[in-house]
Amino acid sequence: MCAELLELRGIGKAFPGVVALAGVDFTVRAGEIHALLGENGAGKSTLIKVLTGVHPADAGEIRLNGAVIRPGAPKEAERLGVSTVYQEVNLVPSLSVAENITLGRQPGRFGFLNWRAIRRRARAALARLEVECDVDAELGSLSVARQQMVAIARALDTSARLLVLDEPTASLDEKEVAELFGLMRKLRAEGMGIVFVTHFLDQVYTVSDRLTVLRNGQLVGEYVTADLSRLELVGKMLGREVSDADFTSHVAAPAATMQPVLAARGLGRRGAIAPVDLALHAGEVAGLGGLLGSGRTETARLLFGIDACDSGEISLKGATVRVASPRDAVRLGLAFCSEDRKAEGILPNLSVRENLLVALQGKRGALRALSPAEQVQLCEHYIKTLRIKTADTETPIKNLSGGNQQKVLLARWLATQPAVIILDEPTRGIDIGAKQEIEQLIAKLRADGLAVLFISSEIDEVVRNCSRVLVLRERRLTGEIAGAEITSERLMHLMAGTHE
Amino acid sequence: MKAKSPVIWPLLGLAALVLLNAVHDLGFLKITLLDGHLYGVPIDILTQGSRTMLVALGMTLVIATGGVDLSVGSVVAIAGAVCAVLLQGGHSLALTLAAALGAGLLAGSANGLLVARLGVQPIVATLILMVAGRGLAQLIVDGQVIIIKSPAFEYLANGFLLGLPVAPLLVVALYLATHLALRRTALGLFIEAVGDNETASRFAGLAAARIKALAYIFCGAGAGLAGVLAAANIRAADAYRAGENMELDAIFAVVVGGTALTGGRFSILGTAVGALLIQTLTTTMYNLGVPPAIAPVPKALLIIGVTLLQSDKIGRWLGGLWPKREAA
Amino acid sequence: MKSAATARRDAGPPIFKRQLPLFVTAGIFVALFLTAAHFYEGFFSARVFISLLSENAFLGIAAVGMTLVIFSGGIDLSVGAVIGFTSICTATLIEKHQLAPELAWTLALAAGAGLGAGMGSLIHFFRLPPFLITLAGMFLARGAGFWISTDSIGINHALYGKISAYEWLFGTAAIPAGALFLITVLLAGYAVAHHTRFGRTLLAIGGNEQSALLMGLPIGPAKISVYAVNGFCAALAGIVATLYTGSGNPGMGLGLELDAIASVVIGGTLLTGGRGHMLGTLLGVLIFGTIQAAILFDGRLSSWWMRIVVGALLLVFILLQRFFLRRK
Amino acid sequence: GFAQTGAESAWRAANSESMKVEAAKRGIDLKFSDGQGKQENQIRALRSFIAQKVDAIVLAPLVETGWDPVLRDAKRAGIPVIITDRSIQTADESLYACFIGSDFFAEGRMAAEWLAKKTGGKGRIVELQGTPGSAPANDRRKAFAEGIAKYPGLQVIDSQSGDFRRTGGKEVMEAFLKKHGKIIDILYAHNDDMALGAIQAIEEAGLKPGTDIVIVSIDAVREGVQAVADGKINCTVECNPLFGPKVYDTVAAVLAGKTVERKSYNKDELFDATNSAAALPKRQY
Ligand SMILES: Nc1ncnc2c1ncn2[C@@H]1O[C@H](COP(=O)(O)OP(=O)(O)OP(=O)(O)O)[C@@H](O)[C@H]1O
Ligand SMILES: Nc1ncnc2c1ncn2[C@@H]1O[C@H](COP(=O)(O)OP(=O)(O)OP(=O)(O)O)[C@@H](O)[C@H]1O
Ligand SMILES: [Mg+2]
Ligand SMILES: [Mg+2]
């Protein structure tokens, strides 16, 4: 194999109250795909940010091609040949796709831009990923998944020696993941070193050559992927033994005779989703399947009153109700965990406690405030049950790792004790241990008699958790399968619109 | 470790100013009893600062929701004009006060409607009332400066209760009431949530628009009361100049007090300190005899000084001067 | 094969659905102008239209710089004061110190840009709120202006007479120097905003500073330069003001910053940054000018009704803008 | 057309009102514009008047300089310009027909002379200035300083801006009283509003305005004269805003081609204890 491309030695980094990294070594060779693994909050993103100069390291040194570097800003890292896709899409939503891809390195002469070349270059970058997209569209109008693809296209638009991908696949579907992997392999063959962070173990085994595991900011070890079994790997990540049996499989469909808790008839919105009928029963987990952009999120938004529907009606326990705003929905006992954590979920500067309790408090109204004691008790309860990793309840949520933010948001909704909960990609960016916990939680919610609408781009997850799956294709409801019918095969066919 | 309180720097700034004055002239700190009430420069500062404090209180909430209210100065003028006209017409004090407060509420509602319901950017929405409001005030008094001859009315601004000045007492009471109303209920949380991330708050089931509108209405009411105090203070409604540039002072007080203009976290206590700071600065300049033409310069230096001290970077440098007391 | 139209569109910056506000604003401006023309005889003429440009030249020039600052999510309150400072500074240099106008201008422009760069550095390096720092800048510049001279000073240099008398004949219309200055600066501003890396970097910073940083954009240099550029524009506006009046006046540009901000925002630029268009700013300035011009043509309003009408017209304009945009 | 500076005080309002009422009386079609305290607005108004081809322009300039270009335009268009209230500096005196004004300088001087007579040329003075940089503040300060220079016993011990506002006057006076204690003999205020505010401060400090502290002020608005009658202000110099009749007479004369006096001043009176009570009922503003 080739020489060491990147060497990190003894990296340490502490944030107020948290030691994010302590003496971490990390090596990447040219021409390899190196997976960086660990639980939520293990320090993966922090390591990457130290590498690219976002955070200065407290200790240790970084060598690129043998020379010590000290990048003070991402710009410098980029110049040194490190191209990065950060966790959470870090682009500018108000600019066009083309601009987001080329920003900072736009072609042009005498300081003036050549818009034609900018578009051409953006189209080329997207074409490499086989993404079709209007390069003049405003980035913010795209779904998170497409934004993610744009972010990757941007990272590939440079002649980098080292490519860093922090959870690039968290919101992609299988087809797109496959395409990305194809590209990664090609780049590897060209001699590029690639760092790849993910929580999908399948993907680790599909694409990576070696892997490094972090736990609690410390190095667990560096391994050759092929030498490590899945169970061993999970054991290293979590620091305890797990077995595959921990994942519940297959759920029986409940009796269909029951009155649905939530039902929608002919619910639709022009340009977003064709009228759909759907019913959710107490004690079931209904899945909403579909490819990216098939209209799943749009359906959820209609149900939750975020967008106004222009046809159809919603009934709750048989009675027709008006859901004109999320506030109405929350009052009626609905909950909605959005897929866009950053823009629609967290209140970044507020504390974990406030983030956790805001929905419950909103439901109770301003005047019936929770007492400090109640607040602490509730928070501690959820922090314990969901194993949220945070310094304390008063830490601003923006300082939590992505996965832990997601858990706080879940806790926010559980605290409102809803009758119906809509989970849009709830496991995005969540580590395998937490994912398992969330799946168990979903099972428990079902057992407690909640109706759950589960949206996920991971087919396996849908298969494992749902007793019924509604499939959307091209913004209309095209099919429904239940119980034992639910297999990955059938789902894929339904989603793609091909016949078996 | 709890985050350092942002109030500390404006407080230190205040202390520094007071010290400067005291060094210059020891009489500065002297408080005497005159005709059974307290008398002295600190009392003046409190009394004179009470109007800015009132306006800044409402402004804090508006800024916390991520907005700003430029119209407060005009609302001050309107409320004063309303008072003058009603009192001149022989109406009762109670009615007059209610009407002035009502005018403030109405103005706030108009702002709230534009910002929260129609989604107009706050600066523009409130600029409308800032421009038109002063015209309205002048229209109400028909361009005259109306003299108010009502001892009861004047008492509100210049009177003393048990030897203590009434206006600051009133303002302190309002600050306390607001603090309790916001922190004992969840309103404070809601305002911070909306200011921090409006979309996310809406998705969490908060009535974001209503909360924003409420902040503007509250701010309008505060400005209305300040207008009453301003008119009572000079026993006249000066529709031309009352409340002029008050919006800048209020915003200054709020931001120096540690509430970010981008919205989110707010500090009422910080605002009170900020408002006192700005008033003390004015008095200091009278005291030191700074020529009026260059009076803005010390103000500028103070702003830069306080904001610099508040910045994280300087905080860290200063933090580095003392060895860490606690182990990580 | 791409059609010619697409090809042409390909060469320019992206026009999204979100640029709809620009068209709507343009539409309403035309409607406003035609309405005024309908009511007031002689309003509909090239002369009135050109005077919209020349009379608002320094507002427009300041607004161009302000647009760039607002693009980056910042704000600059110091422009009005910088205009006053440059104006008196230039006049003093030319009249009292017998400096050549060119040299005086260079010095004034350098001072404006320098002050801007200073404020930008504070804002960037210490992460201080632009609102406060530029407020301090405003006080500084105003104080410095009055410190130079509290009286206005006439400039009797020959060059001044020549420039202010200059008119460019365009067909039958004579375009005065002020309007030419404005048009030049606007074109330059448009090029910078929409056709240079610098302009796009500003938009990116305003859209999401954290992302812009992670994307490897030169945040610091861009932020500092944008305030410097704005200071330069303000100084230029101050010089144009001296040309316009043939004198220097430290009180020039009082409150102009608010008009400039309002023009920018009316033109559809988002005050929170990241979104907007330079041409919108031109429209904003024109709309402001039209409202003023219409009121002058009327000439029957008392001072207070004038304010009220300006406010009301602004309100109508904003409601119309909302109405059309919401329907879409 | 009449280009007013703004509506920053009751004095201005009375001035504007006088112009309007008189125009209505004489059947003149008056185009009024309010400059809102900005010279650029006033220039804009003048240009607009020229574009609308008015017969004559009356300008109340906000500042002294900066009018040449626009006045040249007016001259080219053949529209006579009459300057009121305060004079302008121009390189070319032919740019305007004539000036009718109140003489801020004379007012400051009158105040100083009265004071010298009254106090016998002795006393410690505090001064309440107007808005820094504004014409009346500049002139009234300079003229007063010149006026008392002849009397070494009269001495300004402190001077601050009260911004022409009542609140300002009160605040600054409060500060003066605390700072200097009882040594203040005389207060000179650039306008009545500030004097009235200061009176409150003096009363609140337990002193008697007009007796313990001699108060001289300018403007003679009705409330000011009332205060003189009440003995709280010792003297106020009139600055008469009622320009209407005289201005229109002049306009008519200019338009008729008659020669008019190049500079004329409104007769400003001085009110003190001797004549204020009598003058009070006649005050129109
Ligand atoms: N800016 C910050 N301030 C304070 N603490 C931080 C900050 N950024 C990260 N942390 C803390 O550092 C630790 C490591 O976080 P990091 O984001 O590196 O985790 P991660 O391995 O990427 O997790 P995930 O898989 O959830 O993305 C966490 O405990 C987090 O709370
Ligand atoms: N091909 C596309 N090009 C541009 N925008 C798209 C495309 N597909 C979807 N979008 C936009 O993405 C947003 C989300 O779409 P939708 O709700 O249909 O996605 P979804 O089925 O929930 O998929 P996911 O949430 O997994 O991305 C919508 O605003 C939609 O307009
Ligand atoms: Mg991470
Ligand atoms: Mg979705």
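Computed values, structure above
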read-out	value
Given (1) within 16 Å of ligand 4 (Cβ to nearest atom); (2) surrounded by fewer than 21 Cβ atoms within 10 Å (Cβ to Cβ), index of the condition A:M149 fails	(2)
Residue selected from region C:172-212 under the condition touching a residue at least 60 places away in the same chain (Cβ under 8 Å) and over 23 Å from the mean Cα position of the chain (by Cα), by the criterion nearest to the other protein chains (Cβ to nearest Cβ)	C:N208
Region A:287-304 residues that are in contact (Cβ under 8 Å) with a residue 60 or more places away in the chain, paired with ones that are among the polar types (S, T, N, Q) and more than 16 Å from ligand 3 (Cβ to nearest atom) (beta carbon under 8 Å, 6 or more apart)	A:G287/A:S456; A:G287/A:N465; A:L288/A:T299; A:L292/A:S143; A:L292/A:S457; A:G293/A:S143; A:T297/A:S143
Number of positions in region B:161-209 that are part of a loop (DSSP other than H, G, I, E, B) and within 9 Å of chain A (Cβ to nearest Cβ)	8
Residue match in region A:373-389 (condition: away from ligand 4 (no atom under 16 Å from the Cβ) and touching a Pro at 6+ places or on another chain (Cβ under 6 Å))	no
Subset of region B:137-149 that is surrounded by fewer than 17 Cβ atoms within 10 Å (Cβ to Cβ) and of a type outside the set (A, V, I, L, M, F, W, C) - its residue that is farthest from the other protein chains (Cβ to nearest Cβ)	B:K149
Failed item, numbered, when A:E480 is tested on (1) acidic (D, E); (2) within 16 Å of ligand 1 (Cβ to nearest atom); (3) not in a helix (DSSP H, G or I)	(2)
Search result, residues across region C:213-242 that are at the interface with another protein chain (Cβ under 10 Å from one of its Cβ atoms) and either closer than 20 Å to C:F85 by Cα or of a type in the set (A, V, I, L, M, F, W, C) (or both)	C:L213, C:L214, C:M215, C:L217, C:I219, C:A241, C:T242
Strands (runs of 3 or more DSSP E) contained entirely in region A:1-100, each with at least 3 residues that are over 24 Å from A:T169 (Cα atoms)	A:4-15, A:18-29, A:59-64, A:67-69
Some residue of region A:298-313 being farther than 30 Å from A:T487 by Cβ, away from chain B (no Cβ under 13 Å) and in contact with a Pro (Cβ under 8 Å, 6 or more places away or on another chain)	yes
Given (1) within 13 Å of ligand 2 (Cβ to nearest atom); (2) on the phi > 0 side of the Ramachandran plot; (3) outside any loop (DSSP other than H, G, I, E, B), index of the condition A:G312 fails	(1)
Unmet criterion (only one of (1) in contact with a Leu (Cβ under 8 Å, 6 or more places away or on another chain); (2) more than 14 Å from chain C (Cβ to nearest Cβ)) for B:M130	(2)
Number of the exception - A:G295 against (1) within 16 Å of ligand 4 (Cβ to nearest atom); (2) within 11 Å of another protein chain (Cβ to nearest Cβ)	(2)
Any hit, region A:432-447, residues being assigned by TED's automatic domain parsing to the domain that holds A:R468, more than 16 Å from ligand 3 (Cβ to nearest atom), within 17 Å of A:S171 (Cβ to Cβ) and touching a residue at least 60 places away in the same chain (Cβ under 8 Å)	no
Residue, nearest to ligand 3 (Cβ to nearest atom), within region A:390-415, restricted to residues that are out of contact with any Ser or Thr (no Cβ under 7 Å at 6 or more places or on another chain), at pLDDT below 90 and outside any helix (DSSP H, G or I)	A:T390
Among (1) touching a residue at least 24 places away in the same chain (Cβ under 8 Å); (2) surrounded by fewer than 20 Cβ atoms within 10 Å (Cβ to Cβ) - the single one B:A15 does not satisfy	(1)
Helices (runs of 4 or more DSSP H) enclosed by region C:69-155 - at least 3 residues per element that are farther than 27 Å from B:L302 by Cβ and of a type outside the set (G, A, S)	C:79-95, C:101-125
Within region A:152-172, tally of residues that are out of contact with any helix residue (DSSP H, G or I) (no Cβ under 7 Å at 6 or more places or on another chain) and within 16 Å of ligand 4 (Cβ to nearest atom)	1
Checklist (1) within 20 Å of A:E425 (Cα to Cα); (2) of a type outside the set (S, T, Y); (3) surrounded by fewer than 16 Cβ atoms within 10 Å (Cβ to Cβ) applied to A:A308, failing item	(1)
Single residue of C:G120, C:G114 found to be among the small types (G, A, S), surrounded by 24 or more Cβ atoms within 10 Å (Cβ to Cβ) and closer than 21 Å to C:V226 by Cβ	C:G120
Residue within region C:271-284 that is outside any helix (DSSP H, G or I) and modelled with pLDDT of 85 or more present	yes
Scope region A:40-90; condition within 25 Å of the chain's Cα centre (by Cα) and away from every other protein chain (no Cβ under 13 Å); matching residues	A:N40, A:G41, A:A42, A:G43, A:K44, A:T46, A:L47, A:V50
Of all residues making up region A:265-292, the number that are more than 15 Å from A:L477 (Cβ to Cβ) and near ligand 2 (Cβ under 8 Å from one of its atoms)	1
Given (1) among the small types (G, A, S); (2) away from ligand 2 (no atom under 15 Å from the Cβ); (3) under 22 Å from C:R197 (Cβ atoms), number of the condition A:G191 does not satisfy	(3)
Among the residues listed as C:G299, C:G246, the single one being touching a Leu at 6+ places or on another chain (Cβ under 8 Å) and either surrounded by 24 or more Cβ atoms within 10 Å (Cβ to Cβ) or within 8 Å of chain D (Cβ to nearest Cβ) (or both)	C:G299
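For every residue, the table says whether it meets (1) in a helix (DSSP H, G or I); (2) away from chain B (no Cβ under 14 Å); (3) aliphatic (A, V, I, L, M); (4) within 16 Å of ligand 4 (Cβ to nearest atom).
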| site | (1), (2), (3), (4) |
| --- | --- |
| A:Q417 | no, no, no, no |
| A:L441 | yes, yes, yes, no |
| A:L453 | no, yes, yes, yes |
| A:S457 | no, yes, no, yes |
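The values are calculated or read from the model by the stated rules, or taken from the named source; none is laboratory data. All values reported here derive from a predicted model rather than from experimental measurement. As a convention, Cβ positions derive from the backbone with ideal geometry for all residues, glycine included, and neighbour counts pool all protein chains shown.
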